[in-house]
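Read the figures in this text as sums done on the coordinates, not as results from a lab. From a predicted model like this one, the values you see are computed outputs, not experimental measurements. Counting neighbours? That spans all protein chains shown, and the Cβs are built from the backbone with ideal geometry, glycine included.
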Amino acid sequence: MVPDRQGEGIGSALLRDGLERADAQGIPSWLETSKARNAAYYEGFGFVTLADERAPDDGPRIWFMRREPA
């Protein structure tokens, strides 16, 4: 991550490209994130939270998300 490049849409463009490829092949997509802000961001791309759980040994909270092909 390069903080001074955040907000330029580079990550969104890469995500859209990958999701377009998955859609074209009829493949569902999934991801995990440990930040609530990211979970809300990914929802904007059609991901749905299947579970959110705390990692073992007092680890971070993790959102497990999936997106069906469009």
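Values as computed for the structure displayed
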item	result
Complete set of residues in the range 1-25 that are over 13 Å from residue 41 (Cα atoms) and polar (S, T, N, Q)	6, 25
Every residue from the range 30-70 that is free of Cβ contacts under 8 Å to residues at least 40 places away in the same chain and among the small types (Gly, Ala, Ser)	34, 36, 39, 40, 44, 46, 51, 55, 59
